[in-house]
Number of protein chains: 2
Amino acid sequence: MKKTAADTQQAVPSRKEEILAAAASLFRRQGFERTSVREIAQELGMTSGSLFYHFASKEDLLVMIMEEGLRDITQAVRQAQATEKRLPERLLAMVQQHLAALLGPRLDAMTVLLYEWRSLSPEAQQRILALRDAYEALWTESLNEAAQLGLVDPDVALVRQTLLGALNWSAQWYRPGGRLGIHALAERMFVMLFPKMRLGLEQAAAA
Amino acid sequence: MKKTAADTQQAVPSRKEEILAAAASLFRRQGFERTSVREIAQELGMTSGSLFYHFASKEDLLVMIMEEGLRDITQAVRQAQATEKRLPERLLAMVQQHLAALLGPRLDAMTVLLYEWRSLSPEAQQRILALRDAYEALWTESLNEAAQLGLVDPDVALVRQTLLGALNWSAQWYRPGGRLGIHALAERMFVMLFPKMRLGLEQAAAA
DNA sequence: GTCTATAGTCAGATAGAC
DNA sequence: GTCTATCTGACTATAGAC
């Protein structure tokens with residue numbers, strides 16, 4: 001029995017997590033192919049050979065970064081969906097959690113997830129795609145309900161693509177410390193993208 | 001005086017254009033770094049050395065693909081903007097031209113433009129970024145007018161990012177021959193993203 | 001304009017000492 | 001768990017014949 005349990009929430013990151021974080025940061029800034037394992041190792045003060053004690057291959061690194069990102073955002077949005085029962089508020093909570101996962105502390109991993117999937121082998125691509133489909137199914141579910149209430153266009157697939165496209169694009173331009181925080185950004189985009197939904201909240205009279 | 005003038009609209013593509021098209025197709029499917037010059041040459045029945053008679057470097061290929069894509073979409077949207085004088089119709093025409101340029105015959109080049117810019121050298125990145133800024137300025141201009149008429153949120157930068165994000169994301173999922181043509185897709189997305197705009201057109205009573 | 005041949009570089013991954 | 005040293009292969013780009 002190894003001591004690798006409960007490694008998800010600890011404050012002191014394991015070596016493996018340090019490597020994943022450094023790799024994600026480099027992959028986001030330079031792309032997967034333009035980043036060498038030597039660069040990743042150097043970032044951590046080790047040599048390239050040592051990396052392969054922790055990971056079987058460079059692609060293995062990429063796959064784990066992506067799976068971690070997808071696991072995080074899926075869990076966050078699923079919880080928002082389960083917590084908020086009423087519909088307009090539930091979708092707002094889902095948008096907030098999506099942007100928080102995308103633009104928050106895991107920005108590197110999430111950006112890599114969005115823009116480096118072509119560097120995966122076909123087999124790994126299928127695995128990641130299956131996880132992404134499961135995530136998108138959460139949205140389809142709640143958007144279907146909204147469509148039945150007449151709150152969104154009945155073409156739910158198109159609504160989902162438009163919504164997630166607008167949200168995901170923010171990873172290309174959003175920079176922490178800008179004029180809008182993530183929470184405020186989520187509200188603004190929600191109002192813009194779901195104009196038929198009135199929230200009965202305090203921002204009803206906002207500009 | 002060489003015979004290279006008026007090469008833009010001809011039906012028979014020059015060798016250079018054939019190379020650019022083959023490269024764009026491979027870059028879109030595999031990414032820039034994962035595509036070798038040998039593959040590009042093979043696609044055209046030549047050997048890798050011959051490519052360098054036409055292009056100085058592999059990056060040169062990428063830059064030309066991107067510049068061509070940006071030139072096309074800028075021209076198309078600028079013409080729509082200049083032709084339609086009235087505002088809601090003008091923005092619809094711009095959305096239609098944006099999607100037509102993005103998803104039409106130049107889909108390969110446009111996708112490469114959107115997703116491979118990190119493979120450019122810093123100098124080339126600046127050049128491309130300047131062209132992209134000029135393109136986005138077209139949108140800022142018309143969206144500013146719309147904001148003054150109360151047709152869109154006054155945060156024009158956010159509106160532009162949201163709009164272009166949703167439109168550009170379609171390159172990830174749209175496939176020609178699907179249930180929606182490009183023209184119809186543009187109308188649907190326009191209505192979804194600009195709900196305050198009523199067009200005075202025939203689709204006023206659509207579902 | 002295209003070929004062959006190859007220079008020159010750098011990548012991912014492995015073996016074995018410590 | 002990290003190191004040094006190295007294998008093996010692939011890549012871009014060039015030179016010069018045709």
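The set of residues from region A:82-121 being within 13 Å of chain B (Cβ to nearest Cβ) and charged (D, E, K, R) comprises A:E116, A:R118. The set of residues in region B:167-186 that are more than 9 Å from every other protein chain (Cβ to nearest Cβ) and in a helix (DSSP H, G or I) comprises B:A171, B:I182, B:H183, B:A184, B:A186.
Restricting region A:147-166 to residues that are open to solvent by 50 Å² or more (accessible area, probe 1.4 Å) and modelled with pLDDT of 95 or more, the residue that is nearest to the other protein chains (Cβ to nearest Cβ) is A:P154.
Within region A:51-66, the residues that satisfy the criterion of being away from every other protein chain (no Cβ under 14 Å) and either among the aliphatic types (A, V, I, L, M) or within 8 Å of DNA strand C (Cβ to nearest atom) (or both) are A:L51, A:F52, A:Y53, A:F55, A:A56, A:S57, A:D60, A:L61, A:V63, A:M64, A:I65, A:M66. Residues that are crowded, with 20+ Cβ neighbours inside 10 Å and among the β-branched types (V, I, T) occur in region A:109-127; there is at least one. Among the residues of region B:38-53, those identified as within 11 Å of DNA strand D (Cβ to nearest atom), in a helix (DSSP H, G or I) and open to solvent by 30 Å² or more (accessible area, probe 1.4 Å) are B:R38, B:E39, B:Q42, B:S48, B:G49, B:S50, B:F52, B:Y53.
If you scan region A:139-162, which residues turn out to be in a helix (DSSP H, G or I) and within 22 Å of B:Y174 (Cβ to Cβ)?
Across region A:139-162, the qualifying residues are A:W139, A:T140, A:L143, A:N144, A:A147, A:V156, A:A157, A:L158, A:V159, A:R160, A:Q161, A:T162.
Applying the set (1) over 26 Å from A:F32 (Cα atoms); (2) under 13 Å from the mean Cα position of the chain (by Cα) to B:S50 leaves exactly one unmet item: (2). Against the conditions (1) farther than 21 Å from B:L103 by Cα; (2) surrounded by 20 or more Cβ atoms within 10 Å (Cβ to Cβ); (3) away from chain A (no Cβ under 13 Å), B:E141 satisfies every one except (2).
Within region B:54-73, the set of residues being within 14 Å of B:I128 (Cβ to Cβ) and open to solvent by less than 20 Å² (accessible area, probe 1.4 Å) comprises B:L61, B:L62, B:V63, B:I65, B:M66, B:G69, B:L70, B:I73. Among residues of region B:89-114 that are part of a helix (DSSP H, G or I), those with a Cβ under 7 angstrom from a residue that is of a type in the set (D, E, K, R) and surrounded by fewer than 22 Cβ atoms within 10 Å (Cβ to Cβ), sequence gap 6+ or separate chain, pair up as B:R90/B:E84; B:A93/B:E84; B:A101/B:D72; B:A109/B:E68.
As a summary of the residue check, A:S14 satisfies the conditions (1) open to solvent by less than 40 Å² (accessible area, probe 1.4 Å); (2) modelled with pLDDT of 95 or more except for the one numbered (2).
Criterion applied to A:L102, A:L61, A:L20 was being hydrophobic (A, V, I, L, M, F, W, C), touching a Leu at 6+ places or on another chain (Cβ under 8 Å) and under 30 Å from A:E145 (Cβ atoms), and the one residue passing it is A:L102. A:R71 meets each of the listed conditions (1) over 14 Å from the mean Cα position of the chain (by Cα); (2) within 19 Å of A:A21 (Cβ to Cβ); (3) not in a loop (DSSP other than H, G, I, E, B) apart from (1). Taking the criterion of being buried (at least 19 other Cβ atoms within 10 Å of the Cβ), touching a residue at least 60 places away in the same chain (Cβ under 8 Å) and within 11 Å of chain B (Cβ to nearest Cβ), the residues of region A:22-37 that qualify are A:F27, A:R28, A:G31, A:F32.
The values are calculated or read from the model by the stated rules, or taken from the named source; none is laboratory data. In this text, all values refer to a predicted model and were calculated from it rather than measured experimentally. Cβ sites come from the backbone with ideal geometry, for glycine too, and all protein chains shown count toward neighbours. Surface accessibility is based on the protein's heavy atoms, side chains included, excluding ligands, DNA and RNA. Shrake-Rupley method; radii C 1.70, N 1.55, O 1.52, S 1.80 Å.
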